[in-house]
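One structure below.
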Amino acid sequence: MDTYTTHTQQITVDKDNPQPERIAQAAAIIQRGGLVAFPTETVYGLGANALDAQAIRRIYSAKQRPASDPVIAHIAHVNELQRLAVEIPDAAYQLAEAFWPGPLTLVLVRGSHVPPEIATGLATVAVRMPSHPVAHALIAAAGVPIAAPSANTFTRPSATTAAHVLEDLNNHVDIVLDGGAATIGIESTVIDMTQDNPVILRPGGLTVDRLREVLPEIVQMDSSKLSQLDNEPSSSPGMMIKHYSPRAEVILFDGGDTRRVLAAMRQTAHELADAHKRVGILTTNEEADQFTDTGARIISMGSRRNYEQIAHVLFGAMRALDNQKVDKILVRAYERDGLGLAIWDRLLRSAEGRVRHVE
Ligand code: TXA
Ligand code: MG
């Protein structure tokens, strides 16, 4: 696949009150069919005019992403939903009313004037209204919905800072708007609204509990299915198991008895060190001291009880271990409640399904 190459300009913006002239410069690039990376409350997006098929193709080319993986259209006002989708069910408006702007993406029937490229030919389109002031200002100034996947190279951990974007996409995006670190740090929750009962396709920054307060009938994609997914694009586009992966191989340790799980991790760390492998441990304040004698590079993501904090730093921590050139990353699984479900999902995908179950 050809790759979109250009000179990348980095522009710092105030994250709360983005400077209008800087936003206007980026919006002009979008209008001309170029690419702008911008912060959202979840992760950075790699944006293009969602109504311009050629611009959307540039996204795929810059990310080196197969054209089988559909992209989210971002809007600044709820009334733009009708510009993108048709047959919008009441339930979609209920969710939009409750959670937009925010980390929620709705999959709806695609309007006929929206280029099929955005959804890789599917009859649907995914729509999200982000809450980040920079994202909002950019979409409003561009005057068009902005198609944007996460601003990372295909299969790499999502970018949560402008520096991460440049690590992956320098000279493949026209402008990077630097608005500091994304607050949530994990992508939006994606819900398919075209089914009889809405189905969560991707757990994310908005928890299932909060969604069910508004729509109790929401169905969760069976998480056991996750580990059965292979590397091929399937009926759940973009949900293949290899995703969010650091270059190092991630091994996810799981099991009910914490002590035994930690013991297994320690033993694996020692064995790998004996085999002259560089080991990284992705852990928490409570457990970091378990690994000090293993010689591994240890990153603590904060308190194990604080899922918000872990989500906020997770992708950056994976990138940091990669930059330390580790061969393997060992990490203990999280409970699948609240935001923990999305954390588990990202870890499982980064591990490409490699789970070490410790009994
Ligand atoms: O938080 C987010 O959602 C970030 C920010 C930038 O908004 N975006 C993001 O985009 O994570 P991306 O492309 O990395 O992930 C989009 C997800 C994929 O799982 C994709 O399969 C799903 O949304 N998706 C997009 N369009 C879809 C469609 N028409 N039908 C089903 N799933 C769709
Ligand atoms: Mg992504």
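Can you pull out the helices (runs of 4 or more DSSP H) entirely within segment 115-222 that have at least 2 residues that are farther than 17 Å from ALA96 by Cβ, under 17 Å from the mean Cα position of the chain (by Cα) and small (Gly, Ala, Ser)?
Of the helices (runs of 4 or more DSSP H) lying wholly inside segment 115-222, those with at least 2 residues that are farther than 17 Å from ALA96 by Cβ, under 17 Å from the mean Cα position of the chain (by Cα) and small (Gly, Ala, Ser) span 162-169.
List the number of the failed condition for THR153; all other conditions in (1) within 12 Å of ligand 1 (Cβ to nearest atom); (2) under 27 Å from ASP16 (Cα atoms); (3) among the polar types (S, T, N, Q) hold.
THR153 satisfies every listed condition except (2).
Go through segment 162-218 and give me each residue that's over 25 Å from GLU308 (Cα atoms) and touching a Gly at 6+ places or on another chain (Cβ under 7 Å).
Across segment 162-218, the qualifying residue is only ASP174.
Go through PRO130, PRO101 for me and flag whichever is modelled with pLDDT of 95 or more and in contact with a strand residue (DSSP E or B) (Cβ under 8 Å, 6 or more places away or on another chain).
Answer to the selection: PRO130.
Answer yes or no: is there a residue in segment 115-136 that is more than 21 Å from ALA55 (Cβ to Cβ), within 16 Å of ligand 2 (Cβ to nearest atom) and touching a His at 6+ places or on another chain (Cβ under 6 Å).
no
Kindly indicate the residue of segment 324-341 that is under 20 Å from the mean Cα position of the chain (by Cα) and of a type in the set (A, V, I, L, M, F, W, C) and also farthest from PRO103 (Cα to Cα) among those meeting that condition.
By that ranking, first place goes to ILE329.
Tell me, which residue of segment 41-57 that is over 20 Å from LEU84 (Cα atoms) and not aliphatic (A, V, I, L, M) is surrounded by the fewest Cβ atoms within 10 Å (Cβ to Cβ)?
Only one residue tops the list, namely GLU41.
Give segment 31-53 a look and list any residue that's out of contact with any Ser or Thr (no Cβ under 8 Å at 6 or more places or on another chain) and among the small types (Gly, Ala, Ser), or say none.
GLY33, ALA37, GLY47, ALA48, ALA50, ALA53
Among the numbered conditions (1) in contact with a Ser or Thr (Cβ under 9 Å, 6 or more places away or on another chain); (2) within 12 Å of ligand 1 (Cβ to nearest atom); (3) hydrophobic (A, V, I, L, M, F, W, C), tell me where ALA67 comes up short.
ALA67 satisfies all of (1) in contact with a Ser or Thr (Cβ under 9 Å, 6 or more places away or on another chain); (2) within 12 Å of ligand 1 (Cβ to nearest atom); (3) hydrophobic (A, V, I, L, M, F, W, C) except (2).
Every residue in segment 342-359 that is small (Gly, Ala, Ser) and under 16 Å from the mean Cα position of the chain (by Cα), please.
The answer is ALA342, SER350, ALA351.
The values are calculated or read from the model by the stated rules, or taken from the named source; none is laboratory data. It should be emphasised that the depicted structure is a prediction, and the values quoted were computed from it without experimental measurement. Positions of Cβ are backbone-derived with ideal geometry, glycine not excepted, and every protein chain shown enters the neighbour counts.
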